[in-house]
C-alpha cells in the first residue's frame, strides 16, 4: 500500500466515513474508494453488500481476483435516558461492538455509580447532542419517558441521518408523542422513522429483555437489506 | 463495521512517516473455522515490532518473518496457512481452518 493511500484511508476512518480498499491480489495493484465515489464505481453492487454486512472478502471481476477491504466506522448507540433499561442496554450494546453514549440531564440518573463503564453526558439534549455528530453509523434511542427530555432529543435526531431511531412507550404514548412533535414542526416522514413501541416483539418484560429486543431491532436495521427490513417490521 | 481493534493502521502510517520500513499483512480469505475474519490485519515494522493479529497467535511469527522479506524486496506475497498444508509451511492453525494472508509493503 502506498503511504499516500494509507494516510488518506486513515483520514477517512478518523472522520467516520466508510471507505473500501480494492486490491488485485495477483498484481498488488490497489485503489482506495471513498464514500462519495461508491455510487459511480463499477463495483458498487459488491460495495453495497460488503458495507451492509461489514464484511471484507474476495470477489472475482472479469477474471481478476480482487480483495475488498471494508473500513466502516464503529457503530454507535446514543441513549437518551440513564434509566433502568439503559443499565441493561449499555453492556449488551458494548458486547455487540457499539460505542455507547448516554445522555440524561438528571444527575441522579446519569451517575458513574449506575453506569461505571459508559460515557455519560449529564446535559440537556440541545447541549449534549450537537457535538456528538450523529451520523449514518449511529443508532439513537429515547428511553426517558419524559417528553421534556425525549422530545427535543428526537427533534434533533430527525435532523440527522442516523440508521435507527427508537422511542420507549406504548402505542398510545407514541400517538401523543407524534402530536407533540408535529406541533413543534416534525413532519409525518420524521415520525415514521421512529420505531415505537421500541424493540422487536419478543414479549420482553424485564429491563434486560427489553434491552435484548431493542438491540435485536437495531441489528436488523443495520444488517438487513431494505425490503427484508420492512417485512420484519 | 464494529472494528474495535486498536488503531494499528494509524501506527503503520506513523512508523512509515518516522522512517521505518513497514509491511501490512491482511487476511483475505478463510475456509473452515478461522480465528480472525477476512480484513483482519497485522502491521509490522523493520524492528520486528508488530501490532494486530491475523490468527489467534498461531501463525503471527511466520507472518512477521515473511513480512521482513517483503519490506526488503517490496514485492507483495500471498501466504497460506492450514493444518493440511505442511509442505509449504510448518506452522498451522490448531482450529483446523485455512487462511490466506496478503503481505504488502507500505511504500
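Kindly indicate whether any position in the stretch A:51-69 is free of Cβ contacts under 8 Å to residues at least 40 places away in the same chain, more than 11 Å from chain B (Cβ to nearest Cβ) and in a helix (DSSP H, G or I). No, there is no match, as no residue in the stretch A:51-69 is free of Cβ contacts under 8 Å to residues at least 40 places away in the same chain, more than 11 Å from chain B (Cβ to nearest Cβ) and in a helix (DSSP H, G or I).
Can you go through A:23, A:5, A:101 and tell me which one is at pLDDT 95 or above, surrounded by 14 or more Cβ atoms within 10 Å (Cβ to Cβ), within 14 Å of another protein chain (Cβ to nearest Cβ) and in a strand (DSSP E or B)? Every option except A:23 fails the conditions. Go through the residues of the stretch A:133-151 one by one and say whether even a single one is in the same structural domain as residue A:217 (by TED's automatic domain parsing), assigned to a helix (DSSP H, G or I) and surrounded by fewer than 18 Cβ atoms within 10 Å (Cβ to Cβ). Yes, the stretch A:133-151 contains at least one residue that is in the same structural domain as residue A:217 (by TED's automatic domain parsing), assigned to a helix (DSSP H, G or I) and surrounded by fewer than 18 Cβ atoms within 10 Å (Cβ to Cβ).
Which condition does residue A:68 not pass, out of (1) more than 27 Å from residue A:20 (Cβ to Cβ); (2) surrounded by 18 or more Cβ atoms within 10 Å (Cβ to Cβ), if it passes all the others? Among (1) more than 27 Å from residue A:20 (Cβ to Cβ); (2) surrounded by 18 or more Cβ atoms within 10 Å (Cβ to Cβ), the lone unmet condition for residue A:68 is (1).
The residues of the stretch A:9-20 that are surrounded by 14 or more Cβ atoms within 10 Å (Cβ to Cβ) and out of contact with any strand residue (DSSP E or B) (no Cβ under 6 Å at 6 or more places or on another chain), listed by number, are A:10, A:16, A:17, A:18. If we keep just the residues of the stretch A:35-50 that are within 22 Å of residue A:75 (Cβ to Cβ) and in contact (Cβ under 8 Å) with a residue 24 or more places away in the chain, which is farthest from the other protein chains (Cβ to nearest Cβ)? Result: A:47. Hey, can you tell me all the residues within the stretch B:10-29 that are surrounded by 16 or more Cβ atoms within 10 Å (Cβ to Cβ) and within 9 Å of chain A (Cβ to nearest Cβ)? Scanning the stretch B:10-29 gives B:10, B:12, B:13, B:16, B:22, B:24, B:26, B:27, B:28, B:29.
The values are calculated or read from the model by the stated rules, or taken from the named source; none is laboratory data. Quantities reported herein were computed from a predicted structural model and do not represent experimental measurements. Positions of Cβ are generated from backbone atoms using ideal geometry, with glycine treated the same way; all protein chains shown enter the neighbour counts.
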